[in-house]
Amino acid sequence: MSVATKRGDGGQTGLAGGIRVSKTHPRVECYGAIDELISQMGFARSICQDAEVAEKVKAIQRELYKVGSAIATPPESKKTPPDITPAMVDELEAEVHRIEAEPGVLADWSLPGGTPDAAALDVARTVCRRVERLAAGLMEAGVIQNPSILAYLNRLSDVLWLFGRLVEARRGVDSTLRAEGDQGPRWSRAW
């Protein structure tokens, strides 16, 4: 079977369970952004010099396929969506606390680009935030109902930011945003 099925040539694609929708459908936009996130995380992992962080990124990439599948599965599908659970969110939160306890990890704004791998993780974080915004729109519209999906994505963006700070700290790179006397940005890092 070829990858080129030609079924999408007219601008439609199949959701999980075979339901056809426009490629511009918000559900498709959201799981497409998850695909982008998985790929960006793969790039970050491929250049990451910290083996522990790279392995954790790989595990999260695998988990993100479940999140994407849950978003791609409409209620009328014959397929059952993967369960995105509070326990998955708790695992990411535990990772947040573990990294925050590491000596030298920056707890404030950072300037992306301290190292190539940290910069790639920062790009992944921004893609994750876009996914989160798209998923929030789907939640508000009643398209998805599992609140753990939004919590997972929110926690994941925190983890990705912290992974970047961790690889910098372990290499002795200071990515502090503020110059002497600077007050820094006027908005919250957690936006």
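In the neighborhood of residue 123, defined by Cβ-to-Cβ distances under 13 Å, what is the net charge if each Lys or Arg adds +1 and each Asp or Glu adds -1?
Charge balance in the 13 Å sphere: +1.
For segment 90-185, the solvent-accessible area works out to 46 Å² per residue, with a probe of 1.4 Å and every protein chain left in place.
Within the shell of other residues whose beta carbon sits under 12 angstrom from the beta carbon of residue 137, the net charge comes to 0, with Lys and Arg scored +1 and Asp and Glu -1. On segment 62-104, 54 percent of the accessible area sits on carbon and sulfur atoms, based on a 1.4 Å probe.
The values are calculated or read from the model by the stated rules, or taken from the named source; none is laboratory data. Treat the numbers as computed from the prediction; the structure is a model and nothing was measured. Please note: Cβ atoms are built from the backbone with ideal geometry, for glycine as well, and neighbour counts cover all protein chains shown. Ligands, DNA and RNA are excluded from the accessible area calculation, which covers all protein heavy atoms including side chains. Shrake-Rupley method; radii C 1.70, N 1.55, O 1.52, S 1.80 Å.
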